[in-house]
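Trainee: Below you'll find the structure I mean.
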Amino acid sequence: MFLLWFLTLSSLRAASPVPPNVVFIFADDQRADTIAALGNAVIKTPNLDRLIKRGVSFTHAYMQGGNGGATCVPSRAMLLSARSLANIDEKLMKHETWPHAFGEAGYATFTAGKWHNGPPSIPKSFQQAKALFVGGMANPLKAPTSDMLPTGKLTPAKISPKHLCEEATDETLAFLKSQDGSKPFFSYLAFDGPHDPHIVPEGYPVKYDPASIPLPPNFLPQHPFNNGEMVVRDEQLLKWPRTPEAVQEMLSEYYRYISFLDGQVGRILDAVDASPFAANTIVVYSADSGVARGSHGLIGKQNLYEHSMRVPLIFAGPGIAIDQRTTAMCYLYDVMPTLGKLCGVTAPKDSQGGEFSAVLKNPSQPARPFLIFGYKSLQKALNDGRWKLIRYPHINRTQLFDLQADPHELNDLAAAPEQAERVKAMLAKLGEEMKADGDADPLTAKTIVSGEWVAPKKLPKPGDKGF
Ligand SMILES: [Ca+2]
């Protein structure tokens, strides 16, 4: 009898595969076009390239938008709760998070690095947390970090002599090393970069000559009209008109920061490769948003153009196709449900994201048929895979781009008579989808202001209206 019980249990064990581990690395403000293996001829990202060769890279993964200038906050709330922009709690307290669900499913859960959704949601999401950066923007060489105590409280903030991203990587490596295989693990490392200020440790050897960096194909000295957020903090990082030289200088520092982070990714990949769980670990790399950096005359991510909304998204690991690209469209808030499916973790009841694990096996599979985006009540957009419509309710203006012929959104077709029907249909669809998602903002504002914009001679200060 005992033997029978033992044999049955053993065969059950043999039949159910060990759930894979997850190593998730999340960057901050990294454009999707800043990876060498995905087509950037200037930047050096040997470790991301190495990850790309092992897995599936989404070329059309997007963050959905923001309700304020600091889009880091809603982006992370969307990612971790798998809820859409109109339905998030930015403090991550109202809905169970996916990392918590991984913990409930028997995973050891860990985070290090940037956490901008308020300290109370850290213990609600993760069992362990180190080198947490819970403040606002800071020089990453002087950013104060805290660790989470077993009580869920944070230790007093301390300044590490290391770069914040290096310190968070060190802590992630220590966590990986501490794993004895008794449980699967979910590790989430959130870099504070390449968000500005673009600061790397002194003496970091990779450098880019600004003159060698091509301007973005959609570079402009100034955005052609008032998008409602022309002088937000990020837009003040460079003067108007933006000059090619200033943009190239900024991109050289931005690329250098990305190369530095790529080195941290390499340390993680090396550790996973050398570990006993190498074959059973899924590695994911993504970022909370893109950023303009001179595209369309903009610098920040408070706009709905592709450069600001599209994010890198790479999956590699067991059961995932090797060295493939997919054009399947998805939101960042679909990533955790997809990982949940791969790991056999049940979705939290409030999770809204889709799971696209089929794309990871067969990259020609579609994911979402269309996407909607929003930035405050000022900008709303619909992307159906080929056509993209952006609506600016406050100036009663619409843009239409054929992303297939014009991926850099240079040629606005909204006023072309042959596109009138399409504009009408897409506006109607955008309105319907916003309503279905719970976004009650109008597509034409009650008060229409002028779309003309003149760069201010004197910049507003923090706290002023419009900053
Ligand atoms: Ca960000």
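Trainee: Please tell me if Ala367 is more than 18 Å from the chain's Cα centre (by Cα), among the small types (Gly, Ala, Ser) and part of a loop (DSSP other than H, G, I, E, B).
Mentor: Working: more than 18 Å from the chain's Cα centre (by Cα): no; among the small types (Gly, Ala, Ser): yes; part of a loop (DSSP other than H, G, I, E, B): yes.
Answer is no for this residue.
Trainee: All but one of (1) surrounded by fewer than 18 Cβ atoms within 10 Å (Cβ to Cβ); (2) among the charged types (D, E, K, R); (3) not in a loop (DSSP other than H, G, I, E, B) hold for Asp350, so report the exception by its number.
Mentor: (3)
Trainee: With away from the ligand (no atom under 16 Å from the Cβ), of a type in the set (A, V, I, L, M) and under 23 Å from Thr172 (Cβ atoms) as the only criterion, which of Leu269, Leu238, Leu261 stands out?
Mentor: Leu269
Trainee: Could you please let me know if Ala70 is in a loop (DSSP other than H, G, I, E, B), under 17 Å from the mean Cα position of the chain (by Cα), aliphatic (A, V, I, L, M) and within 15 Å of the ligand (Cβ to nearest atom)?
Mentor: yes
Trainee: A follow-up question, please. From the list Leu459, Leu443, pick out the single residue that is in a loop (DSSP other than H, G, I, E, B) and touching a strand residue (DSSP E or B) at 6+ places or on another chain (Cβ under 7 Å).
Mentor: Details: Leu459 fails: touching a strand residue (DSSP E or B) at 6+ places or on another chain (Cβ under 7 Å).
After applying the criteria, what remains is Leu443.
Trainee: Which of the following residues is in a loop (DSSP other than H, G, I, E, B), of a type outside the set (A, V, I, L, M), at pLDDT 95 or above and touching a Ser or Thr at 6+ places or on another chain (Cβ under 6 Å): Tyr208, Tyr204?
Mentor: None of the others qualify; the one that does is Tyr208.
Trainee: Residues to consider are Ala143, Ala129, Ala112; find the one that is in contact with a strand residue (DSSP E or B) (Cβ under 7 Å, 6 or more places away or on another chain) and either of a type in the set (Val, Ile, Thr) or closer than 17 Å to Arg267 by Cβ (or both).
Mentor: Answer to the check: Ala112.
Trainee: Looking at (1) surrounded by fewer than 22 Cβ atoms within 10 Å (Cβ to Cβ); (2) over 24 Å from the mean Cα position of the chain (by Cα); (3) within 28 Å of Ile25 (Cβ to Cβ), which one does Asp196 not meet, given that it meets all the others?
Mentor: The number of the failed condition is (2).
Trainee: Using beta carbons and a limit of 8 Å, which pairs, at least six apart or on different chains, have the first residue in the stretch 147-168 and farther than 20 Å from Met137 by Cβ and the second one loosely packed, with under 11 Cβ neighbours inside 10 Å?
Mentor: Hits for this filter: zero, empty list.
Trainee: For Glu245, state whether it is more than 19 Å from Asp262 (Cβ to Cβ) and part of a helix (DSSP H, G or I).
Mentor: Values: more than 19 Å from Asp262 (Cβ to Cβ): yes; part of a helix (DSSP H, G or I): yes.
Judged against the criteria, Glu245 is a match.
Trainee: Suppose the filter is under 20 Å from the mean Cα position of the chain (by Cα) and modelled with pLDDT of 95 or more; does Leu403 pass it?
Mentor: It is false that Leu403 is under 20 Å from the mean Cα position of the chain (by Cα) and modelled with pLDDT of 95 or more.
Trainee: Return a yes/no flag: does the stretch 111-118 have any residue that is part of a strand (DSSP E or B) and either surrounded by fewer than 17 Cβ atoms within 10 Å (Cβ to Cβ) or of a type in the set (A, V, I, L, M, F, W, C) (or both).
Mentor: There is at least one residue in the stretch 111-118 that is part of a strand (DSSP E or B) and either surrounded by fewer than 17 Cβ atoms within 10 Å (Cβ to Cβ) or of a type in the set (A, V, I, L, M, F, W, C) (or both).
Trainee: Mind listing just one residue for me: the one in the stretch 300-309 that is buried (at least 24 other Cβ atoms within 10 Å of the Cβ) and part of a loop (DSSP other than H, G, I, E, B) and, of those, nearest to the ligand (Cβ to nearest atom)?
Mentor: Only one residue tops the list, namely Lys301.
Trainee: Then there is this: Could you list all residues from the stretch 272-294 that are of a type outside the set (A, V, I, L, M, F, W, C) and away from the ligand (no atom under 16 Å from the Cβ)?
Mentor: Going through the stretch 272-294, the residues of a type outside the set (A, V, I, L, M, F, W, C) turn out to be 273, 275-276, 280-281, 285-286, 288-290, 293-294.
Once the filter is applied, which keeps residues that are of a type outside the set (A, V, I, L, M, F, W, C) and away from the ligand (no atom under 16 Å from the Cβ), the stretch 272-294 yields Asp273, Ser275, Pro276, Asn280, Thr281, Gly294.
Trainee: What's the total number of residues in the stretch 278-295 that are surrounded by fewer than 24 Cβ atoms within 10 Å (Cβ to Cβ) and of a type in the set (S, T, N, Q)?
Mentor: The qualifying residues number 3.
The values are calculated or read from the model by the stated rules, or taken from the named source; none is laboratory data. Remember, predicted model here, so these are calculated numbers, not experimental data. With ideal geometry, Cβ positions are generated from the backbone for all residues, glycine too; neighbour counts draw on all protein chains shown.
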